[in-house]
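Scroll down for the structure; my scribbles are underneath it.
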Amino acid sequence: MEVLKVSHTSAPNKVAGAIAGVLSKTDEVELQAIGAGAVNQAVKAIAIAKRFVEAKGKEIYVIPGFVEVEVGSEKRTGIKFKVVAKSTGQESEEKSEEEAEAKNVSSEQ
């Protein structure tokens, strides 16, 4: 499983894109965050990624937990978020409408 490390300076939109990218290849990814600011950015990124993933016909589930991470020579306790994607069998209405339009255009030619 791929592990994404999130810091307090991480841009939530970029992390969300990384989450969606990993979930397009596999069904799970883990985020690790140490400190309140990093946890905040990780949660925001998961919320944003939810939109990206739902557009692909999947929904996400998040399983939080603790993780021990070695930073330099000391061990720190952080929060991990296991993000799992499950197929809903439906893609978003926007995507379905775009595909219907594309089929109409190709059938008209």
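The values are calculated or read from the model by the stated rules, or taken from the named source; none is laboratory data. Nothing here was measured: the structure is a model prediction, and the numbers come from that model. Cβ sites come from the backbone with ideal geometry, for glycine too, and all protein chains shown count toward neighbours.
On inspection, E54 does not qualify as surrounded by fewer than 20 Cβ atoms within 10 Å (Cβ to Cβ) and in contact with a strand residue (DSSP E or B) (Cβ under 7 Å, 6 or more places away or on another chain).
Rundown of residues vs (1) closer than 21 Å to M1 by Cβ; (2) at pLDDT below 95, yes/no style:
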| position | (1), (2) |
| --- | --- |
| N13 | no, no |
| Q41 | yes, no |
| A49 | yes, no |
| E54 | no, yes |
| V69 | yes, yes |
| T77 | yes, no |
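Here is a check on your reading of the model: is V39 surrounded by 17 or more Cβ atoms within 10 Å (Cβ to Cβ), free of Cβ contacts under 8 Å to residues at least 24 places away in the same chain, in a helix (DSSP H, G or I) and not acidic (D, E)? It is false that V39 is surrounded by 17 or more Cβ atoms within 10 Å (Cβ to Cβ), free of Cβ contacts under 8 Å to residues at least 24 places away in the same chain, in a helix (DSSP H, G or I) and not acidic (D, E). When E91 is tested against the conditions (1) among the charged types (D, E, K, R); (2) assigned to a helix (DSSP H, G or I); (3) under 20 Å from G17 (Cα atoms); (4) at pLDDT below 95, the lone failure is (2).
Only residues that are within 12 Å of the chain's Cα centre (by Cα), closer than 14 Å to F81 by Cα and among the hydrophobic types (A, V, I, L, M, F, W, C): list them for region 24-48, please. Hits for region 24-48 are V29, L31, A42, V43, A45, I46, A47. Among the residues of region 57-85, the one identified as farther than 20 Å from V15 by Cβ and surrounded by 13 or more Cβ atoms within 10 Å (Cβ to Cβ) is G57.
Scanning region 6-33 for residues that are of a type in the set (G, A, S) and surrounded by 15 or more Cβ atoms within 10 Å (Cβ to Cβ) yields a count of 6.
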